[in-house]
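The values are calculated or read from the model by the stated rules, or taken from the named source; none is laboratory data. Computed from a predicted model, the values in this text were never measured in an experiment. Positions of Cβ are generated from backbone atoms using ideal geometry, with glycine treated the same way; all protein chains shown enter the neighbour counts. Ligands, DNA and RNA are excluded from the accessible area calculation, which covers all protein heavy atoms including side chains. Shrake-Rupley method; radii C 1.70, N 1.55, O 1.52, S 1.80 Å.
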Amino acid sequence: MLELGQVDKTSDKPAFKQIAEEVRAAVTTGRLEPGDRVPSESQLMEHFGVARMTVRQALADLRAEGLLVAEHGRGVFVRERPVVRRVASDRFARRHREDGQAAFLAEADGVGVPSVDQLAVGAEPASPAIREVLALPVRAKVVARRRRYLMDGRPVELAESFVPQVIAGGTKIAESDTGPGGIYARLEELGHQLAEFSEEVAARMPTPEERRRLQLPAGTPVLTVRRIAYDTAGTPVEMTDTVKAAPSYVLEYRFPAN
């Protein structure tokens with residue numbers, strides 16, 4: 001069994017917190033690595049000489065920290081490290097589109113095997129929120145693209161994009177396969193040279209549907225990113241909302257110093 005210390009029963013610190021510290025130290029020092037199974041409740045009870053509820057409190061604290069994840073029927077494991085490094089200043093670079101890479105493919109390069117499923121594409125009335133962002137009139141429609149992204153077969157992100165139908169209708173953007181370079185390459189081919197993007201990033205707990213589709217263990221947060229693409233005329237031409245499995249991502253931002 002993993003080498004752990006003992007509970008100091010003369011200490012004012014509760015036993016479950018001492019156990020949590022021991023397991024946490026095993027993770028931070030590399031004795032337990034990402035993906036490793038943590039000793040079972042019974043093993044920890046025997047080692048520390050405590051009740052099952054004390055062990056469960058310790059493990060619950062570590063799950064709440066995001067250090068451990070529980071998998072039904074399998075046990076408790078050290079959470080895997082993020083698999084995708086999202087460099088916001090690079091992922092939308094024109095060179096990726098010219099090389100035929102959409103943003104997610106550019107991120108996945110050298111990390112794993114990317115794939116997409118649960119794809120749904122179609123025209124629909126723009127919601128009030130979408131109309132406001134894309135500066136559309138009442139009763140305007142958008143081409144909506146909804147999909148799930150996977151890395152090495154594991155779901156990591158849900159995305160839905162909206163492009164005004166007056167721009168996207170009857171084009172590759174309204175088809176399942178947008179072609180090399182994705183939506184942004186097609187927008188530029190249609191004369192909407194992209195000038196800049198804005199993003200809003202937030203964190204929250206997933207909805208039950210998001211948790212199911214991303215196959216998230218209980219207590220796992222998500223990152224949300226709303227991105228708006230603007231052309232050289234300053235017109236918003238596309239909006240994308242993404243929900244990312246937080247443990248699967250590192251978001252990196254680079255800014256000029258002047």
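Can you say whether Val163 is closer than 24 Å to Pro34 by Cβ and of a type in the set (A, V, I, L, M), as far as the supplied structure shows?
Working: closer than 24 Å to Pro34 by Cβ: no; of a type in the set (A, V, I, L, M): yes.
Here the answer is no, as Val163 does not meet what is asked.
Are any of the residues in the stretch 234-254 free of Cβ contacts under 8 Å to residues at least 24 places away in the same chain and more than 12 Å from the chain's Cα centre (by Cα)? Let's see the steps before the verdict.
Looking only at the stretch 234-254, we keep the residues that are free of Cβ contacts under 8 Å to residues at least 24 places away in the same chain, and these are none.
No: the stretch 234-254 contains no residue that is free of Cβ contacts under 8 Å to residues at least 24 places away in the same chain and more than 12 Å from the chain's Cα centre (by Cα).
Which of the helices (runs of 4 or more DSSP H) found entirely inside the stretch 15-71 contain at least 1 residues meeting this: within 27 Å of the chain's Cα centre (by Cα)?
On the way: elements: 15-28, 41-48, 52-65.
Ranges flagged: 15-28, 52-65.
So, in the stretch 230-242, how many residues would count as being farther than 14 Å from Ser161 by Cβ and surrounded by 15 or more Cβ atoms within 10 Å (Cβ to Cβ)?
Of all residues in the stretch 230-242, those farther than 14 Å from Ser161 by Cβ come to 230-235.
With surrounded by 15 or more Cβ atoms within 10 Å (Cβ to Cβ) added as a condition, the list becomes 230-231.
Count: 2.
How many residues are in a strand (DSSP E or B) and either open to solvent by less than 50 Å² (accessible area, probe 1.4 Å) or at pLDDT below 95 (or both) when one looks only at the stretch 205-229?
Kept after step one, since they are in a strand (DSSP E or B), are these residues of the stretch 205-229: 222-229.
Okay, now just the ones that are also either open to solvent by less than 50 Å² (accessible area, probe 1.4 Å) or at pLDDT below 95 (or both), so 222-225, 227-229.
Of the residues in that region, 7 qualify.
Take the residues of the stretch 18-37 that are more than 15 Å from Glu65 (Cα to Cα) and in contact with a strand residue (DSSP E or B) (Cβ under 8 Å, 6 or more places away or on another chain): which is most open to solvent (accessible area, probe 1.4 Å)?
Arg37
Looking at (1) hydrophobic (A, V, I, L, M, F, W, C); (2) modelled with pLDDT of 95 or more; (3) over 12 Å from Thr242 (Cα atoms); (4) open to solvent by 40 Å² or more (accessible area, probe 1.4 Å), which is the one condition that is false for Phe197?
If we test Phe197 against (1) hydrophobic (A, V, I, L, M, F, W, C); (2) modelled with pLDDT of 95 or more; (3) over 12 Å from Thr242 (Cα atoms); (4) open to solvent by 40 Å² or more (accessible area, probe 1.4 Å), just (2) comes out false.
Residue check, Tyr184 against (1) modelled with pLDDT of 95 or more; (2) closer than 19 Å to Ile130 by Cβ, all met but one. Which one?
Against the list (1) modelled with pLDDT of 95 or more; (2) closer than 19 Å to Ile130 by Cβ, Tyr184 comes up short only on (1).
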